[in-house]
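Report on the structure given below.
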Amino acid sequence: MKFTSISPENIDELCIAFESCLTRHDITFKYVDMREENGIISFIFCNDPEEARSVELEGSRFIGLETDYIAKEILEPILPRLKEFAKNKNHRFG
C-alpha cells in the first residue's frame, strides 16, 4: 500500500509493514504501536511497557512511497540493535 497521507488508516498500514519487517527477520515484541504528533511518526516497541523504545520519522518524507519500502529503509539499518534489544535479559525482554 502507498503511504498517501498522514492519516490514521495510513499510519495503521505503516505499523503493519513495520511489524511484518521485524517478523521476517525473526524479531518480535509483545507490544508495538505507531503514533503521529505534529507530522512526526513514532514506531513504539517493547516487551515491558516501562522499557519501551521508539523509532521516529518525519511522515511527510514518505508520502508516495510503499509502506513495505518505508519499513525496510527505516528498520533494516538497525536490525542488529533491535534483535539484541528484543533478546536482552537485562531489559526484561523475552
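The values are calculated or read from the model by the stated rules, or taken from the named source; none is laboratory data. If you're wondering where the values come from, they're calculated on a predicted model, not measured in any experiment. Don't worry about glycine lacking a Cβ; one is built from the backbone with ideal geometry, like all the others, and counts go over all protein chains shown. To get the accessible areas, we keep the full protein, side chains included, count just its heavy atoms, and leave off ligands, DNA and RNA. Shrake-Rupley method; radii C 1.70, N 1.55, O 1.52, S 1.80 Å.
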For Rg/Rh (Cα atoms, Kirkwood Rh), which listed value, (1) 1.03; (2) 1.20; (3) 0.97, comes from the coordinates shown? (3)
HN-Hα couplings for the stretch 8-25 via Karplus (6.51, -1.76, 1.60; θ = phi - 60°), in whole Hz with x for Gly/Pro, come out as x, 5, 5, 5, 4, 5, 5, 4, 4, 5, 5, 4, 5, 4, 5, 4, 4, 9
Using modelled backbone amide H atoms (1.01 Å from N, in-plane), which distant-in-sequence or interchain residues come within less than 5 Å of Leu65's amide H? Phe3
Average accessible surface area per residue within the chain, 1.4 Å rolling probe, Å²: 61
Excluding residues on the same chain fewer than 8 positions from Lys83, give the aspartates and glutamates whose Cα lies under 12 Å from its Cα. Asp26
Surface share of carbon and sulfur [accessible, 1.4 angstrom probe, percent] for the chain: 47
Got a sec to turn the phi values of the stretch 72-81 into Karplus ³J(HN,Hα) couplings, 6.51 cos²θ - 1.76 cosθ + 1.60 with θ = phi - 60°, whole Hz, x for Gly and Pro? 4, 5, 7, 8, 4, x, 10, 3, x, 5
Under the rule of -39500 (n - 2.57) per DSSP H run of 4 or more residues, summed and divided by the residues of the chain, what mean residue ellipticity at 222 nm is obtained, to the nearest 500 deg cm²/dmol? -11500 deg cm²/dmol
With charges set only on the Cβ (+1 for Lys and Arg, -1 for Asp and Glu), what does the dipole of the chain come to about its Cα centre, in debye to the nearest 20? 420
